[in-house]
Every structure is written in structure tokens, then in C-alpha cells.
Amino acid sequence: MKLNAPKTIEEFMAQAYAMEVEAAQRYSDLADAMDTHNNREVAELFRKMAVIEGKHGTEIMQHMGWKTPPANAVAPSWEGFEAAESVPIDEVHYLMRPWHALQLALAAEQRAERFFAELAKSTTDESVRKAALELQEEEREHVELVRAWMAKVPQPEKDWAEDPDPPRYDQ
Amino acid sequence: MNDVATCEQLTAANFKSAVKPVWCPGCGDYSVLSSITKALAMIGKPPHEVGVVSGIGCSSRIPAYTSCYGFHGVHGRALAAATGLKVARPDLTVLVTGGDGDGYSIGGNHFLHACRRNVDLTYIVMDNHVYGMTKGQPSPTTEPDWDSKLAPGGTKIRVFHPLVVALAAGANFVGRAFAGDPNGTAALIAQAIRHPGFSFVEILSPCVTFRPEQKEWKSMVRPAPVEKTDDPVLAARRVMTDDGMNIGVLYAGNRPCYELDYGRSPKSVADLEMEFRV
């Protein structure tokens with residue numbers, strides 16, 4: 001996928017910050033949706049992911065010495081319409097288990113790793129390339145962390161999606 | 001991105017209320033809510049200078065989820081209520097939100113005349129080609145051969161073409177967005193709000209419960225291959241051959257929007273009371 005690589009380190013980090021904020025917001029929205037549908041276990045997991053992504057955003061701000069968030073920063077889309085680290089909103093199910101949620105988180109971190117790798121290849125600015133490689137390495141670490149988390153979570157039962165009182169009665 | 005300077009500014013969070021949506025997890029309307037709040041942050045008007053009006057349906061719950069002034073009205077009558085609000089309070093930015101059943105069927109007549117009047121409103125329709133809240137009846141945009149328990153064999157009725165109708169009826173801004181593209185949708189809504197007159201934004205918003213096959217939309221939609229136009233004839237030609245999956249601004253016209261001339265309405269409330277005295 002062709003990328004319009006940012007031309008300055010400030011622009012690049014503003015995009016990276018926007019990616020983290022959008023990912024955190026999406027996890028937070030998903031947590032709210034799961035809470036509403038009484039799937040507390042998955043809600044809690046999404047809530048934790050929102051906090052983690054929020055911290056990454058804060059780290060970027062501290063690294064750049066920004067006192068307030070960068071204005072007008074938009075996360076670039078990657079492998080579709082959305083930013084690499086955002087979990088697609090349509091890939092959740094109201095009866096999903098934590099294992100499913102971690103699969104989505106894993107896929108998001110892997111997309112982010114690919115995004116920064118591609119960006120490091122595309123840019124002509126050395127400082128952007130260096131920062132992109134650093135962020136790629138961070139995302140690779142996150143992939144490993146999510147994998148380790150998954151190892152502690154039981155795989156879902158075969159009938160996890162069976163609902164005795166489904167929203168659709170033709171199912 | 002042109003400006004990465006840091007500054008204090010309104011964010012999407014400023015436009016969200018403490019009420020949490022009750023939509024099905026996976027519903028496209030979550031993304032649309034997010035896009036609306038982002039667009040309002042881009043516009044930069046504080047929540048108390050914005051009114052959000054709706055009818056009935058899943059997507060019509062949106063006013064409660066924003067921190068703006070809101071009115072959750074009668075089925076299909078959101079545009080009528082919003083028109084009243086805008087002419088009474090022209091200083092407010094007024095958004096109207098709803099679904100395809102509410103807007104194109106029950107409120108179809110209001111849709112036509114809102115386009116024709118060209119009051120400065122932004123009408124956002126979350127189209128999922130089904131009545132979701134009432135358990136999956138076909139709507140005006142449902143494909144004629146969509147087979148379901150409630151419409152065995154499909155309705156066999158041709159679909160309603162919202163963009164064609166909006167353009168023909170006189171809407172001053174016509175565009176289509178996709179819920180799975182939240183940043184693109186936010187930018188399009190912001191353009192629609194800034195454009196004077198009646199702006200119509202059709203958003204393809206998948207219903208994962210009653211139309212799970214709409215998850216495929218994300219591999220079907222694409223940016224429209226042509227730039228927007230202010231020529232209604234050209235826009236009409238384009239939209240008549242459109243497959244419903246092109247996203248972007250189709251038409252941004254120059255028609256003057258409807259405005260009341262308050263200078264010619266000197267009557268006080270007391271005068272009006274006298275006039276209507278029985």
C-alpha cells in the first residue's frame with residue numbers, strides 16, 4: 001500500500017499520536033458497548049487496552065515535549081479506511097470472549113508494526129525513518145505482549161455465540 | 001496535515017454526553033457518532049451553539065449521545081422540527097440525524113420539501129437498508145430481492161435513490177460517506193455543515209444484526225473517481241449511473257438558502273397574542 005510519508009519529525013509524531021488516540025477511543029467505545037450488553041469481562045479487557053493506548057499517546061507527547069495535543073492531527077489510514085492500530089468496529093460480537101478481543105488487539109498491533117515498517121521504507125527524511133523504526137520495534141514488543149496475554153486466556157467454547165434469546169428469530 | 005502546532009481546542013470528547021449508546025456491538029452508527037463529534041470539533045462551535053434533532057429509529061438516538069441541544073422527535077418528522085428550530089434560532093448550527101426508514105419512508109415528504117426549501121440544515125442519514133429497531137423489516141432502500149422472514153422472497157419493489165431525489169428536489173449539498181471510514185466521514189460532515197443551505201449526507205452504516213452481509217461494504221466502497229461539481233446537470237448524470245458505493249461530495253451548489261427577513265416582522269409577542277385572540 002502506498003503511503004504519503006510525513007515530511008518532518010513533528011508531522012510524523014503528530015500522526016503517531018493521533019493513531020494512539022484513535023485506537024484508545026475505539027477501545028473505549030467498544031468497552032462501553034460491551035458494558036451495555038452485559039459482557040463485563042470483555043468490556044474490562046477493552047477498557048485496559050484503552051488505557052494502554054492512551055499511555056502510548058502520553059509517552060509521545062512527553063517525548064516531543066508537547067504540553068497540549070497537536071492540533072489538526074489525523075491518523076493516516078492503512079490497509080483500509082482506518083488507522084493501523086484501530087480495531088474495526090464491525091469485528092466485535094456481543095457474546096465474544098476475551099480470547100476474541102485479544103485476537104483483535106493482536107491484529108491491530110501487527111497492522112501497526114507493518115505500517116511503521118512501510119513508513120520507514122517510504123520516507124526520505126532520516127529523522128522520520130529513525131523514529132518510524134523505533135515505533136515499529138515498540139509495536140513488535142506489543143505484539144509479543146498480547147501473545148503472552150493470550151496464552152493465559154482460555155480459548156472460547158464451541159458454542160460461544162449461541163444465544164437462547166437472540167435478537168433475530170430466524171437464526 | 002498543515003498545522004501540527006499545539007493549541008487549546010475543542011475535541012470530539014467535548015461533544016459526547018455521559019449517556020452510552022445502546023446499539024448492537026459492531027453497528028456502524030458508533031462510527032457515525034464518532035464522526036459527528038469529530039466534525040463538530042473541526043467546526044469549532046461550542047456544544048451550546050449546536051442543535052441535534054432526530055426522529056425515531058436506532059440512529060435517531062444520536063441527540064442523547066451528544067452534549068449539544070437535542071430533540072428526539074416524532075417518527076419521520078425530524079426535518080420539520082429542525083426547520084422550525086433553525087428559522088427561530090438562525091444562530092444555531094442545526095444537524096438532523098436519522099435512518100433510511102425514518103427519513104425516506106415515514107418522513108419522505110418532509111425530505112423532499114426540506115431539500116426544496118433549502119433552509120441551512122445538515123441532514124445526516126445512516127442508511128442500513130433495513131428497519132433495525134423494529135426487527136428487520138425492509139425499508140425504501142432495501143434491495144427488491146432481499147429475502148427475509150418478514151419479507152419472504154423480497155419486496156420486489158425498486159429501491160429509493162436518496163442522492164438522486166435530494167439533487168432533484170433542490171438540496172444544495174449532496175454527498176455520501178461510509179461508517180467504516182470515520183475520518184473521511186467526519187471531514188465530509190464538516191464540509192456539509194460549512195456549506196450554506198440544505199446539506200444532505202447519506203452514510204452507509206452497516207446493520208450487523210439484520211444485514212450482516214453489509215460487513216462486505218468495506219471492500220466495496222471506494223472514493224468517487226470524480227471531483228465534486230456545482231453543476232446539477234453533471235451531478236445528476238453521475239448519480240444516475242452510480243452503483244451506490246462511491247463516497248465523497250457529489251454536488252455543492254450555489255443556491256441562496258432560505259432566510260426569514262426579521263426586519264419585516266416587527267410584531268411583538270403581545271401583537272401576535274392579540275391577532276390570535278378568540
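The values are calculated or read from the model by the stated rules, or taken from the named source; none is laboratory data. On a predicted model such as this, the values are computed, not experimentally measured, just so you know. Cβ sites come from the backbone with ideal geometry, for glycine too, and all protein chains shown count toward neighbours.
Which one of A:120, A:75, A:83, A:107 is surrounded by fewer than 24 Cβ atoms within 10 Å (Cβ to Cβ), hydrophobic (A, V, I, L, M, F, W, C) and touching a strand residue (DSSP E or B) at 6+ places or on another chain (Cβ under 8 Å)?
Values: A:120 fails: touching a strand residue (DSSP E or B) at 6+ places or on another chain (Cβ under 8 Å); A:83 fails: surrounded by fewer than 24 Cβ atoms within 10 Å (Cβ to Cβ); A:107 fails: touching a strand residue (DSSP E or B) at 6+ places or on another chain (Cβ under 8 Å).
Step by step, each of A:120, A:75, A:83, A:107 is checked, and only A:75 is surrounded by fewer than 24 Cβ atoms within 10 Å (Cβ to Cβ), hydrophobic (A, V, I, L, M, F, W, C) and touching a strand residue (DSSP E or B) at 6+ places or on another chain (Cβ under 8 Å).
Restrict the check to segment B:2-24 and report whether at least one residue is in contact with a Ser or Thr (Cβ under 7 Å, 6 or more places away or on another chain), surrounded by 24 or more Cβ atoms within 10 Å (Cβ to Cβ), under 24 Å from residue A:42 (Cα atoms) and within 12 Å of chain A (Cβ to nearest Cβ).
no
Which ones in segment A:137-171 are β-branched (Val, Ile, Thr) and in contact with a Phe, Trp or Tyr (Cβ under 6 Å, 6 or more places away or on another chain)? Walk me through how you get there before you give the answer.
Residues of segment A:137-171 that are β-branched (Val, Ile, Thr), as a first pass: A:143, A:146, A:153.
The one that is β-branched (Val, Ile, Thr) and in contact with a Phe, Trp or Tyr (Cβ under 6 Å, 6 or more places away or on another chain): A:153.
Under the condition of being out of contact with any Pro (no Cβ under 9 Å at 6 or more places or on another chain) and part of a helix (DSSP H, G or I), which residue from segment A:61-94 is nearest to residue A:11 (Cα to Cα)?
Taking segment A:61-94 and keeping what is out of contact with any Pro (no Cβ under 9 Å at 6 or more places or on another chain), we get A:62-63, A:65-75, A:77-79, A:85, A:87-88, A:91.
The next check asks that each one be part of a helix (DSSP H, G or I); those that pass are A:62-63, A:91.
Details: A:62: 15, A:63: 14, A:91: 30 Å.
Per the criteria, the residue is A:63.
Across segment A:57-78, what is the number of residues that are under 13 Å from residue A:112 (Cα atoms) and away from chain B (no Cβ under 11 Å)? First the steps, then the outcome.
Taking segment A:57-78 and keeping what is under 13 Å from residue A:112 (Cα atoms), we get A:75-78.
Add one more test, that the residue is away from chain B (no Cβ under 11 Å), and what stays is A:78.
Of the residues in segment A:57-78, 1 are under 13 Å from residue A:112 (Cα atoms) and away from chain B (no Cβ under 11 Å).
It is to be established whether one or more residues within segment A:5-14 are more than 19 Å from residue A:135 (Cα to Cα) and within 17 Å of the chain's Cα centre (by Cα).
Taking every residue of segment A:5-14 in turn, none turns out to be more than 19 Å from residue A:135 (Cα to Cα) and within 17 Å of the chain's Cα centre (by Cα).
Does at least one position in segment B:120-127 carry a residue that is out of contact with any helix residue (DSSP H, G or I) (no Cβ under 8 Å at 6 or more places or on another chain) and not in a strand (DSSP E or B)?
Taking segment B:120-127 and keeping what is out of contact with any helix residue (DSSP H, G or I) (no Cβ under 8 Å at 6 or more places or on another chain), we get none.
No - not one qualifying residue is present in segment B:120-127.
Out of the residues in segment B:158-180 that are part of a helix (DSSP H, G or I) and hydrophobic (A, V, I, L, M, F, W, C), which is nearest to the other protein chains (Cβ to nearest Cβ)? Let's see the steps before the verdict.
Going through segment B:158-180, the residues part of a helix (DSSP H, G or I) turn out to be B:162-169.
With hydrophobic (A, V, I, L, M, F, W, C) added as a condition, the list becomes B:163-169.
Working: B:163: 20, B:164: 25, B:165: 27, B:166: 24, B:167: 25, B:168: 30, B:169: 30 Å.
In this case the residue turns out to be B:163.
I'm checking my understanding of the structure. Among residues of segment B:181-204 that are in a strand (DSSP E or B) and within 14 Å of chain A (Cβ to nearest Cβ), which one is farthest from residue B:79 (Cα to Cα)?
Here is the first cut: in segment B:181-204, the ones in a strand (DSSP E or B) are B:199-204.
Now drop any that are not within 14 Å of chain A (Cβ to nearest Cβ), which leaves B:203-204.
Numbers: B:203: 17, B:204: 20 Å.
Among them, the one singled out is B:204.
Kindly establish whether residue A:122 is farther than 27 Å from residue A:162 by Cβ and in contact (Cβ under 8 Å) with a residue 24 or more places away in the chain.
Numbers: farther than 27 Å from residue A:162 by Cβ: yes; in contact (Cβ under 8 Å) with a residue 24 or more places away in the chain: yes.
Spelling it out, residue A:122 is indeed farther than 27 Å from residue A:162 by Cβ and in contact (Cβ under 8 Å) with a residue 24 or more places away in the chain.
Consider only pairs whose beta carbons are under 6 Å apart and that are at least six residues apart or on different chains; among these, list those whose first residue lies in segment B:8-20 and is under 19 Å from residue A:30 (Cα atoms) and whose second residue is in a loop (DSSP other than H, G, I, E, B).
Close Cβ pairs satisfying both conditions: B:15/B:67; B:17/B:67.
Considering only residues that are in a helix (DSSP H, G or I) and exposed (fewer than 12 other Cβ atoms within 10 Å of the Cβ), which ones fall in segment A:145-170? If you could, list the steps in order and put the result at the bottom.
So the first thing to find is which residues in segment A:145-170 are in a helix (DSSP H, G or I), and the list is A:145-151.
Correct list: A:148, A:151.
Go through segment B:224-242 and count every residue that is among the basic types (Lys, Arg) and within 17 Å of residue B:169 (Cα to Cα).
Within segment B:224-242, the first condition is being among the basic types (Lys, Arg), and the residues that meet it are B:228, B:237-238.
Cutting the leftovers down to within 17 Å of residue B:169 (Cα to Cα) gives us B:237-238.
The qualifying residues number 2.
Taking the residues in segment B:127-151 that are among the charged types (D, E, K, R) and on the phi < 0 side of the Ramachandran plot as candidates, determine which candidate is farthest from the chain's Cα centre (by Cα). Can you show your working first?
Of the residues in segment B:127-151, the ones among the charged types (D, E, K, R) are B:127, B:135, B:143, B:145, B:147, B:149.
Next, from what is left, pick out any that are on the phi < 0 side of the Ramachandran plot: B:127, B:143, B:145, B:147, B:149.
Details: B:127: 9, B:143: 21, B:145: 26, B:147: 27, B:149: 29 Å.
Checked segment B:127-151; the qualifying residue farthest from the chain's Cα centre (by Cα) is B:149.
Do the conditions hold for residue A:139, that is, is it surrounded by 19 or more Cβ atoms within 10 Å (Cβ to Cβ), more than 9 Å from chain B (Cβ to nearest Cβ) and either of a type in the set (Val, Ile, Thr) or part of a helix (DSSP H, G or I) (or both)?
Working: surrounded by 19 or more Cβ atoms within 10 Å (Cβ to Cβ): yes; more than 9 Å from chain B (Cβ to nearest Cβ): yes; either of a type in the set (Val, Ile, Thr) or part of a helix (DSSP H, G or I) (or both): yes.
Judged against the criteria, residue A:139 is a match.
Residue A:23 passes all but one of (1) touching a strand residue (DSSP E or B) at 6+ places or on another chain (Cβ under 8 Å); (2) facing chain B (nearest Cβ under 10 Å); (3) of a type in the set (A, V, I, L, M); which number fails?
Result: residue A:23 fails condition (2) only.
Report, by residue number, each residue of segment B:121-133 that is more than 14 Å from every other protein chain (Cβ to nearest Cβ), closer than 18 Å to residue B:106 by Cβ and either surrounded by fewer than 23 Cβ atoms within 10 Å (Cβ to Cβ) or among the β-branched types (Val, Ile, Thr) (or both).
B:124, B:125
Evaluate the following for residue B:240: is it modelled with pLDDT under 95, closer than 27 Å to residue B:119 by Cα and hydrophobic (A, V, I, L, M, F, W, C)?
Considered against the rule, which asks whether it is modelled with pLDDT under 95, closer than 27 Å to residue B:119 by Cα and hydrophobic (A, V, I, L, M, F, W, C), residue B:240 comes out as yes.
Restricting to segment B:134-157, what's the tally of residues that are assigned to a loop (DSSP other than H, G, I, E, B) and more than 11 Å from chain A (Cβ to nearest Cβ)? If you could, list the steps in order and put the result at the bottom.
Step one: of segment B:134-157, the residues assigned to a loop (DSSP other than H, G, I, E, B) are B:134-136, B:138-147, B:149-150, B:152-157.
Right, trim to more than 11 Å from chain A (Cβ to nearest Cβ) and you get B:134, B:138-146, B:153-157.
Residues meeting the conditions: 15.
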